[in-house]
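**Q** Right, I'll just put the structure down here and ask away after.
The values are calculated or read from the model by the stated rules, or taken from the named source; none is laboratory data. Since this is a predicted model, take the numbers as computed values, not measurements. Note that we place each Cβ from the backbone using ideal geometry, even for glycine, and neighbour counts take in every protein chain shown. The accessibility values were calculated without ligands, DNA or RNA, using every heavy atom of the protein model including side chains. Shrake-Rupley method; radii C 1.70, N 1.55, O 1.52, S 1.80 Å.
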Amino acid sequence: MALRFYNTLSQQMEEFTPARDNTVRMYSCGPTVYDFAHIGNFRTFTFVDILRKWLRASGFQLNHVMNVTDVDDKIIRNAVAQHKGLNEYTAVYTKAFLDDCATLRLERPEKLVPATEHIDDMAAAIEKLTAANHTYTSDGSVYFRIASFPGYGKLSHNDFSGNIAGARVDVDEYEKADARDFALWKAPKEGEPFWPTSMGPGRPGWHIECSVMAIKYLDETLDIHLGGVDLIFPHHENEIAQSESLTGKPFSRFWLHAEFLMVEGQKMSKSLGNYFTLRDLLARGYAAEAIRYLLASAPYRKQLNFTFDGLKSAATAIDRLRNFKLRLETDRFPAGANLELAARTAGATQAFHAGMNEDLNTAEALAAIFEYIRDVNSAMDSGAFRAGDVPAALELLKLFDSVFDVLQPSGGSAGLPDAEVEALIAERTAAKKARDFARADRIRGQLLEQGIILEDTKSGIRWKRK
Ligand code: AMP
Ligand code: ZN
């Protein structure tokens with residue numbers, strides 16, 4: 001079962017393996033830290049996390065770089081308005097972003113790189129592009145001349161051969177020779193921060209930071225480049241133009257793009273005001289795992305409509321998964337093993353792999369798990385499920401959770417409800433009465449794992465949370 005991804009560059013499904021030494025070199029465009037990220041942004045970052053975890057489950061090592069855009073027009077505008085220094089302003093939102101990622105169980109990339117710590121690298125790259133005739137200067141700003149890069153448009157599959165002069169395809173407010181040209185370097189403006197460099201004072205444009213940091217920390221050719229679909233054009237197209245003009249090599253072998261999180265038919269976005277931050281949803285009492293599950297449950301190339309009903313269903317799905325795990329761990333099953341169930345578990349494991357391998361089709365992978373749970377629950381009810389079938393079933397849940405990561409409740413001990421603790425204690429007492437001490441010990445260990453401590457007293461069992 002080969003791992004395949006839809007490559008935006010080739011517009012085809014392609015089999016994926018890293019170019020060398022079993023390590024996936026990948027780059028994802030990070031946040032612009034001017035405000036709290038919303039859960040639309042986190043849909044894309046959750047997709048990146050699911051990809052990371054599936055690549056690891058597939059036996060690859062990861063070298064993943066993500067930038068933090070800590071200088072841009074919005075950041076400067078807000079910092080100036082609040083009379084704050086740039087770093088002072090962005091530090092707050094960088095921390096908020098990292099805290100939110102941790103809450104959503106998004107792994108840190110191997111390297112997280114702030115743009116402002118790489119200004120000299122960017123200046124050097126721009127000078128190299130200038131030496132190779134890819135740029136021009138206007139009013140102290142340096143622009144990339146799109147006409148100097150014949151491959152422009154190959155990622156977005158836009159045809160730029162027609163006359164598009166005058167069409168505004170970029171947000172830069174500076175003078176340009178061609179509407180497609182974009183600023184590599186922006187001249188200092190009154191009251192705005194700037195950096196002195198060998199090229200003169202100014203600040204970098206957004207696009208150059210990704211090219212420079214990806215090449216610096218990964219390679220001239222990446223295995224995978226990631227982002228949301230809104231970055232395909234112009235951002236990623238511009239990254240390709242810069243990078244390939246610098247190195248003469250293909251910038252990335254694979255390009256994967258996540259579709260939008262929508263709200264009532266529109267993209268969730270700051271500018272439309274139709275957004276929720278992670279903190280908004282936590283304050284309304286939704287668990288981080290439910291939000292993570294919701295964002296991960298739809299295949300990344302499909303738009304996902306955000307609703308509170310969807311969030312509630314996600315919470316219910318997690319309950320089913322956790323209850324199933326609890327049942328596997330605490331029920332008493334007849335001795336022996338059932339060959340049919342062994343085959344059922346193997347089949348579900350294979351279906352989970354098949355779903356994830358087919359361009360991370362999380363919906364198919366989840367369907368495989370839930371069909372399995374339904375079948376096994378009825379096998380448990382009828383007595384067909386045997387004690388010997390438990391380890392393989394737990395193994396499948398472990399595989400599931402190595403990617404989806406929702407089984408462990410947030411906040412440690414607070415996660416296991418009192419009623420569940422009491423039920424487990426009652427089971428342990430029954431096990432002791434039946435002189436099944438091994439089982440009693442297992443339950444005690446399981447409770448301990450959840451942060452619950454048992455004390456045997458004269459008047460019975462007392463328990464407390466760690
Ligand atoms: P930004 O901080 O604005 O640069 O965006 C960070 C990431 O979030 C980018 O990869 C965007 O493509 C992505 N993004 C923004 N809005 C949405 C949305 N509604 N759904 C999914 N991804 C989004
Ligand atoms: Zn980027």
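**Q** Cβ-Cβ under 8 Å, sequence separation 6+ or interchain: first residue in segment 112-135 and within 16 Å of residue 214 (Cα to Cα) and among the aliphatic types (A, V, I, L, M), partner open to solvent by 30 Å² or more (accessible area, probe 1.4 Å) and at pLDDT below 95. Which pairs?
**A** 123/198; 123/199; 124/198; 126/199
**Q** Kindly provide the set of residues from segment 288-343 that are of a type in the set (Gly, Ala, Ser) and in a helix (DSSP H, G or I), ordered by number.
**A** Of everything in segment 288-343, those that are of a type in the set (Gly, Ala, Ser) and in a helix (DSSP H, G or I) turn out to be 288, 290, 296, 297, 310, 313, 314, 315, 317, 342, 343.
**Q** Report every pair of residues separated by at least 6 positions or lying on different chains whose Cβ atoms are under 7 Å apart, first residue within segment 393-408 and closer than 17 Å to residue 377 by Cα, second open to solvent by 30 Å² or more (accessible area, probe 1.4 Å).
**A** Listed pairs, sorted by first residue: 396/349; 397/325.
**Q** With crowded, with 18+ Cβ neighbours inside 10 Å, farther than 30 Å from residue 47 by Cβ and of a type outside the set (A, V, I, L, M, F, W, C) as the only criterion, which of 389, 359, 381 stands out?
**A** Of the residues listed, the single one that is crowded, with 18+ Cβ neighbours inside 10 Å, farther than 30 Å from residue 47 by Cβ and of a type outside the set (A, V, I, L, M, F, W, C) is 389.
**Q** In this structure, is residue 130 farther than 24 Å from residue 28 by Cβ, at pLDDT 95 or above, surrounded by fewer than 19 Cβ atoms within 10 Å (Cβ to Cβ) and of a type in the set (S, T, N, Q)?
**A** Against the criterion (farther than 24 Å from residue 28 by Cβ, at pLDDT 95 or above, surrounded by fewer than 19 Cβ atoms within 10 Å (Cβ to Cβ) and of a type in the set (S, T, N, Q)), residue 130 qualifies.
**Q** Only one residue in 283, 367 is surrounded by fewer than 18 Cβ atoms within 10 Å (Cβ to Cβ) and either under 25 Å from residue 97 (Cα atoms) or at pLDDT below 95 (or both). Which one?
**A** Being surrounded by fewer than 18 Cβ atoms within 10 Å (Cβ to Cβ) and either under 25 Å from residue 97 (Cα atoms) or at pLDDT below 95 (or both) holds for just one of 283, 367, which is 283.
**Q** Counting only residues that are farther than 27 Å from residue 185 by Cβ and part of a helix (DSSP H, G or I), how many does segment 93-122 have?
**A** 8
**Q** Restrict the check to segment 81-98 and report whether at least one residue is out of contact with any Gly (no Cβ under 9 Å at 6 or more places or on another chain), more than 29 Å from residue 274 (Cα to Cα) and buried (at least 22 other Cβ atoms within 10 Å of the Cβ).
**A** So far as segment 81-98 goes, no, none of its residues is out of contact with any Gly (no Cβ under 9 Å at 6 or more places or on another chain), more than 29 Å from residue 274 (Cα to Cα) and buried (at least 22 other Cβ atoms within 10 Å of the Cβ).
**Q** Those residues that are under 21 Å from the mean Cα position of the chain (by Cα), within 30 Å of residue 124 (Cβ to Cβ) and of a type outside the set (S, T, N, Q), I need them from segment 240-293; list them, please.
**A** Within segment 240-293, 253, 254, 255, 256, 257 meet the criteria.
**Q** I'd like to verify a number: residues in segment 421-466 that are at pLDDT below 80 and surrounded by 15 or more Cβ atoms within 10 Å (Cβ to Cβ), how many?
**A** Within segment 421-466, residues that are at pLDDT below 80 and surrounded by 15 or more Cβ atoms within 10 Å (Cβ to Cβ) number 2.
**Q** Right, another one. Which members of segment 366-388 meet the condition of being acidic (Asp, Glu) and touching a Lys or Arg at 6+ places or on another chain (Cβ under 9 Å)?
**A** Within segment 366-388, just 375 meets the criteria.
**Q** Only residues that are of a type outside the set (Gly, Ala, Ser), within 16 Å of ligand 1 (Cβ to nearest atom) and surrounded by fewer than 24 Cβ atoms within 10 Å (Cβ to Cβ): list them for segment 214-239, please.
**A** If the condition is that a residue be of a type outside the set (Gly, Ala, Ser), within 16 Å of ligand 1 (Cβ to nearest atom) and surrounded by fewer than 24 Cβ atoms within 10 Å (Cβ to Cβ), then 224, 229, 230, 231, 232, 233, 234, 235 are the ones that fit.
**Q** So, of the residues in segment 195-213 that are within 16 Å of ligand 1 (Cβ to nearest atom) and of a type in the set (A, V, I, L, M), which turns out to be farthest from residue 122 (Cα to Cα)?
**A** It comes out as 213.
**Q** Give just the number: which of (1) within 16 Å of ligand 1 (Cβ to nearest atom); (2) crowded, with 18+ Cβ neighbours inside 10 Å does residue 53 not satisfy?
**A** (1)
**Q** For segment 267-279, which residues satisfy the criterion of being over 24 Å from residue 360 (Cα atoms), at pLDDT 95 or above and open to solvent by 60 Å² or more (accessible area, probe 1.4 Å)?
**A** The answer is 272, 275, 279.
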